[in-house]
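Only one structure is covered here, and it is reproduced in the block below.
Please treat every number below as a calculation from the coordinates, not as lab data. Predicted model only: the values in this text are computed from it and were never measured.
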Amino acid sequence: MGCDRNCGLIAGAVIGAVLAVFGGILMPVGDMLIEKTIKREVVLEEGTTAFKNWVKTGTTVYRQFWIFDVQNPDDVAKNSSKIKVKQRGPYTYR
């Protein structure tokens with residue numbers, strides 16, 4: 001024997017209410033656990049993941065910079081001319 005329409009609606013409402021209460025309880029608890037873990041792991045102290053990654057990265061890290069040299073600064077300042085730039089770089093640092 002199955003459940004009729006009213007029984008299904010009541011069961012759905014009860015399950016929804018239980019899940020809402022469960023979620024309402026877990027949200028602050030989950031936030032607290034995540035915040036505690038982050039505060040513990042981001043400190044640069046021996047034994048933390050952040051320290052291990054800071055001492056020796058898994059890959060070589062490169063920084064690249066591009067500089068744009070304005071070719072006509074006087075025309076831009078005096079006549080509001082269109083800026084002419086020349087790209088310099090990339091300057092790469094390891």
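Data for the structure
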read-out	value
Anisotropy class of the chain from Cα gyration tensor, a/c 1.5 cut	oblate
GNM top mover of 43, 55, 18 - the chain, alpha-carbon springs below 10 Å	18
Most fluctuating residue given options 49, 59, 37, as computed from a GNM of the chain linking Cα atoms under 10 Å	59
In sequence order, calculated HN-Hα J values of region 59-69 (Karplus, 6.51, -1.76, 1.60; Hz; x Gly/Pro)	9, 6, 9, 10, 10, 10, 10, 10, 10, 10, 8
222 nm mean residue ellipticity, helices alone, for the chain (DSSP H n ≥ 4; -39,500 (n - 2.57); rounded to 500)	-18000 deg cm²/dmol
Cut-off under 5 Å, modelled amide H: who pairs with residue 48 long-range	none
Derived scalar couplings ³J(HN,Hα) [region 81-94; Karplus, 6.51 cos²θ - 1.76 cosθ + 1.60; whole Hz; x for Gly, Pro]	6, 5, 6, 10, 10, 10, 6, 10, x, x, 9, 10, 10, 10
